[in-house]
1. I'm told residue 139 meets every condition in (1) part of a helix (DSSP H, G or I); (2) out of contact with any Ser or Thr (no Cβ under 7 Å at 6 or more places or on another chain) except one. Can you identify the failing condition by its number?
2. Quick one: which residue in 243, 208 is among the hydroxyl-bearing types (Ser, Thr, Tyr), more than 16 Å from ligand 1 (Cβ to nearest atom), part of a loop (DSSP other than H, G, I, E, B) and closer than 19 Å to residue 68 by Cβ?
3. Out of (1) in a helix (DSSP H, G or I); (2) within 16 Å of ligand 2 (Cβ to nearest atom); (3) aliphatic (A, V, I, L, M), what's the single condition that is false for residue 56?
4. Would you confirm, using the coordinates I've provided, whether residue 182 is assigned to a loop (DSSP other than H, G, I, E, B) and surrounded by 21 or more Cβ atoms within 10 Å (Cβ to Cβ)?
5. Quick check, is residue 236 in contact with a His (Cβ under 9 Å, 6 or more places away or on another chain), of a type in the set (Lys, Arg), surrounded by fewer than 19 Cβ atoms within 10 Å (Cβ to Cβ) and at negative phi?
6. Could you tell me whether residue 228 is within 18 Å of residue 59 (Cα to Cα), more than 19 Å from the chain's Cα centre (by Cα) and among the hydrophobic types (A, V, I, L, M, F, W, C)?
7. Only residues in region 185-208 that are on the phi > 0 side of the Ramachandran plot and in contact (Cβ under 8 Å) with a residue 24 or more places away in the chain count as the first member; pair them with residues that are of a type outside the set (Val, Ile, Thr) and assigned to a loop (DSSP other than H, G, I, E, B), Cβ under 8 angstrom, at least 6 apart or cross-chain, and list the lot.
8. Across region 67-95, which residue is farthest from residue 18 (Cα to Cα) among those that are buried (at least 18 other Cβ atoms within 10 Å of the Cβ) and within 16 Å of ligand 2 (Cβ to nearest atom)?
Amino acid sequence: MATLSQPEPPATKSGSQTIQIEDVHKYYELGETRVHALRGVTVSIRQGEFVAIMGASGSGKSTFMNILGCLDKPSSGRYLLDGVAVSDLSKKELAAIRNRKIGFVFQGFNLLSRTTALENVELPTLYARVSKEEGRKRAEEALHLVGLGDRMLHFPSQLSGGQQQRVAIARALVNRPTILLADEPTGNLDSRTSVEIMEVFQKLNDDSLTIVLVTHEPDVAQFARRGIHFRDGKIRRDETVTSRPRAAEVLKNMPALED
Ligand code: ADP
Ligand code: MG
């Protein structure tokens, strides 16, 4: 896989605290009832970490990711992103930070079906301050980076699930975020394809991209460097992954799927 040319210098130097979450609570009001989705979460994530978020359905993982990604704000508590208190910002300011710093990957690939892989990846550059030529160049670079240099003109229906997710990863990277957030990115993929996606993530993390990934599969989580376990809206365990396998090595010993 090719290497993306270096992104603009990150706002923080390597090893500093990119994400600081302090006693964050989140309530959802549903008519008369109130759901307490996060119940006092405190955690720091440094530049260059690769974190797997685990926990049962309903434990607050997606709520946490939405806050990390500036898609939603805490009901109380503080969130500092590269030293900026995003919990105090307006919706417009949040959107600006999100576009500049954060890339998202979801379980469903959310690609536009009538446009090519290249056009799908190019799309976010139309909203960034780059020329059309620069946007095209970045999109091509991002597709090379995820190993799809030879599939740029294919439509989503002409790509496998794993390839579609790679397109979605390229799209998430095209504006050169400092953080990649992925909520169950392998949820729709078979086990070999899941490891292939983790190979891409490990490669990106080697190039110092900060990655936070939600998964309920231990087989997927083992490729991260750190595991954070949620239960009932709280962090119950936070541990370093020891003897982390390299996805590229694991793939060598996995049989290719027969059609
Ligand atoms: P997970 O991703 O771990 O499955 P979520 O963060 O989606 O958990 O949900 C945590 C809790 O918050 C659950 O009880 C869920 O039903 C509730 N919840 C999530 N999103 C909303 C919402 N938009 N409105 C109301 N309740 C919500
Ligand atoms: Mg979820």
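Laboratory data are not the source of any read-out in this text; all were calculated from the coordinates shown. Keep in mind the model is a prediction, meaning the values are calculated, not measured. Don't worry about glycine lacking a Cβ; one is built from the backbone with ideal geometry, like all the others, and counts go over all protein chains shown.
1. (2)
2. On the way: 243 fails: closer than 19 Å to residue 68 by Cβ.
Sole residue among the options that is among the hydroxyl-bearing types (Ser, Thr, Tyr), more than 16 Å from ligand 1 (Cβ to nearest atom), part of a loop (DSSP other than H, G, I, E, B) and closer than 19 Å to residue 68 by Cβ: 208.
3. Of (1) in a helix (DSSP H, G or I); (2) within 16 Å of ligand 2 (Cβ to nearest atom); (3) aliphatic (A, V, I, L, M), only one is false for residue 56: (1).
4. Spelling it out, it is not the case that residue 182 is assigned to a loop (DSSP other than H, G, I, E, B) and surrounded by 21 or more Cβ atoms within 10 Å (Cβ to Cβ).
5. Working: in contact with a His (Cβ under 9 Å, 6 or more places away or on another chain): yes; of a type in the set (Lys, Arg): yes; surrounded by fewer than 19 Cβ atoms within 10 Å (Cβ to Cβ): yes; at negative phi: yes.
Spelling it out, residue 236 is indeed in contact with a His (Cβ under 9 Å, 6 or more places away or on another chain), of a type in the set (Lys, Arg), surrounded by fewer than 19 Cβ atoms within 10 Å (Cβ to Cβ) and at negative phi.
6. On the way: within 18 Å of residue 59 (Cα to Cα): yes; more than 19 Å from the chain's Cα centre (by Cα): no; among the hydrophobic types (A, V, I, L, M, F, W, C): yes.
Answer is no for this residue.
7. 208/14; 208/47; 208/48
8. Selected residue: 67.
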